[in-house]
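The values are calculated or read from the model by the stated rules, or taken from the named source; none is laboratory data. Here the structure is a predicted model, which is why all the values come from computation and not from measurement. When we count neighbours, we look across all protein chains shown, and the Cβ atoms used for this are built from the backbone with ideal geometry, even at glycine. For the accessible areas, the whole protein counts, side chains as well, though only heavy atoms, and no ligand, DNA or RNA atoms are used. Shrake-Rupley method; radii C 1.70, N 1.55, O 1.52, S 1.80 Å.
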Amino acid sequence: MSINPLVQTANASEVTEAQNTVVTENKLKIISTLSELIDKKWSDAKKAKETVEDDMLCSVRQRNGEYEPKKLADIKEANQPEIFMNITDTKCRNAVAWIKDILMTGDRIFSVDPTPIPELPQEITVSIQENVLTQFIQMFAQQAIQTGQMIPGDAMRQIIVENQQQIKDEVQAQIKKIAKKLSEGVADKIDDDWIEGGFYEALEEVIDDVVGLKAGIMKGLVLRKVKTRQTSFGQDGLLKKEVVYKIVPQYERRNPFCIYPSPYSTDVNKGYLFDVITQKPSQLYNLIGVEGFNEKEIRDVLREFYAGELKKDWLVLSDSAKEGMGDMDKYTSKEEYPDENIYCLELWDEIEGRMLRDCGIDVEDDDCSYPCVIWKIGNHIIKAMLNYDQLGRKPFSKASLQNINDSFWGKSLPEIISDCQQVCNACARATLANVGIGSLPQVVLNTDLLEPNAVYKLFPGKVWKMTTEQMLNSNKPVDFFSPQMVIDKLLTVYNTFSKIADEHSGIPAYAHGDTAVGGAGSTSSGLHQLIQMAARGIKAIVRNIDLHIIVTSLQRHYDYLLDNQEIFGIMGDYKFDGRGTAILMKKENVAQRKLEYIQMTANPLDIQLVGVEARRKMLFEVAKTMGIDLDENELPPMQQAPQLAAPQAPPENLDQAGNPVQGTETRQFNKEPK
């Protein structure tokens, strides 16, 4: 058989190699397509956030007491004072302090409660039903024994049927009791994880962003491998400590300048979302071998970084974004990043299954989209894995001072009082200019009456040379006048707009120490009512934090425990709630009510009814509510009140034999006639 010279032949190994080459080329082509898709979405997200970045940067400068560059240039050109009356920072600091005083007082800021009709595991429910039914049967049998009657089986069944509702109510009461106890264990576990994972520290930082920027953003839970010290007993019985690695669910505050949502997104879970993160080379190297990360791509990134090829601004961030991230001052030029950091794009989105499969992710359907997370550095995709949240939620929570419907970003306090801040600044500049120009007289010199080359300088005892003709004409070589002072009018305008800022911000001056209140605020009760009314705005902010940060973080953390840990009591039938507003209500009302109760019962009759020991416990409870730290164990023990001696009868008159002497009738005029 002759071989056609136009047909190439290959052995099995060559065929296999060729097939692998084709597969590799197809994968690279799809990965390149995925990279282009990410670049397109990144470009759209950046463009949509340009106005937001400028507004947030204005808020940062306003809070720092800095003018916008163009405004500052205009002020310098007009030769006006550069003073900045920073009422914005005062309002922001007091709003942050007010919110932290509510949420960060040591009380648990969330609650985990069973639903009105809780559902326990089937084995627990059956056990409760059997125990309740057994108790009822024993109770009926005991009653029959006491009456000397025997209850047949049919009669017992009839009794159980007749008392079915009572038995059902008792079963439900026992279920609620156990569910409540189990929910307390769940709350303790979450609270312990939050303490270890840095949730409360991150929340304090987020509160500052909620007030000062368009949104405060919490990221978590994020599973990280961290070093920790573990204590154990060795074989010799001695206590020893060793450093071990532990997977810890952690939380962190994310800079709003680093978050880029989809142009059409109104919430973190509606549309894709980018997070600009930084990694040091050592941190990036430690990701080699971690699930979801591509070792080859990581090594390529490190080589490019050390070769200086990643110094260019491949993210193409705006100047506002760089300044907001706090990196602008670190650059030698606007296109360079600090050498110690590698900037990375983290994308949370739904990606087509075909692209994910070629990235090494096992998916069920190539045509279906799956929620996933992708890390991209330069042209390298170093991580691609499915979202570990079973419901596809992103590990972000967001809250704003003032929400805007159908918008991802809200309004910050600096934005709300921006106009008032500008007017107050203008009044302050005009006041200083008026003081400067009106503090010294303006001088008018008649140059016709002065000698040639005369020195135009005033000083005490200056001699003015004039001719007779000039003196006869009554012309003065120099004259003075003073500009009109309008400081009082300017201060009136300043105070007016400062009070308007109080109303717009919801943080009045009397709420943070201003004593010049007047009106209803001149009395303690009136001032208390004014502060309570002012707290309505703070309640709304705290409620936003409760609903959009605390509760959402609770739900994600509970689902994580439910999916990853064998913990008795973890069921999917709990109700989560933030207790920020409840804590505020408690602070406002409970202490006052307890104090009133103590005052109302401060009388001998009530003390006799409740007892001295109970009265002492009430005083300790009121002291704790008012923030007075007392340890009852350190005080002297309660002493018993001395028993009062019984009243003694008046002494009796006795005769010589010791018998009481009978009284003698001495009345003479009060006997009625017979």
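Screening residue 473 on (1) loosely packed, with under 14 Cβ neighbours inside 10 Å; (2) in contact with an Asp or Glu (Cβ under 8 Å, 6 or more places away or on another chain); (3) of a type outside the set (Lys, Arg) shows it passes everything except condition (2). Among the residues of the range 37-53, those that are closer than 30 Å to residue 86 by Cα and surrounded by fewer than 16 Cβ atoms within 10 Å (Cβ to Cβ) comprise 50, 51. Residues in the range 281-307 that are open to solvent by less than 60 Å² (accessible area, probe 1.4 Å) and closer than 25 Å to residue 36 by Cβ: 284, 287, 292, 293, 297, 298, 300, 301, 302, 304, 305.
Considering only residues in the range 398-445 that are over 25 Å from residue 93 (Cα atoms) and of a type in the set (Ser, Thr, Tyr), the one that is surrounded by the most Cβ atoms within 10 Å (Cβ to Cβ) turns out to be 431. Would you pick out the residues in the range 595-617 that are open to solvent by 40 Å² or more (accessible area, probe 1.4 Å), at pLDDT 70 or above and under 29 Å from residue 102 (Cα atoms)? Result: 596, 597, 599, 600, 617. One residue stands out among those in the range 349-368 that are open to solvent by 10 Å² or more (accessible area, probe 1.4 Å) and under 33 Å from the mean Cα position of the chain (by Cα): the one that is farthest from residue 269 (Cα to Cα), which is 350.
Condition check for residue 116 on (1) closer than 30 Å to residue 579 by Cα; (2) assigned to a helix (DSSP H, G or I): one failure, at (2). I'm trying to understand the selection: among the residues of the range 179-206, which are farther than 14 Å from residue 554 by Cβ, without any contact (Cβ under 8 Å) to a residue 60 or more places away in the chain and surrounded by 18 or more Cβ atoms within 10 Å (Cβ to Cβ)? The answer is 202, and nothing else. Here residue 234 fulfils each of the conditions (1) surrounded by 13 or more Cβ atoms within 10 Å (Cβ to Cβ); (2) without any contact (Cβ under 8 Å) to a residue 60 or more places away in the chain apart from (1).
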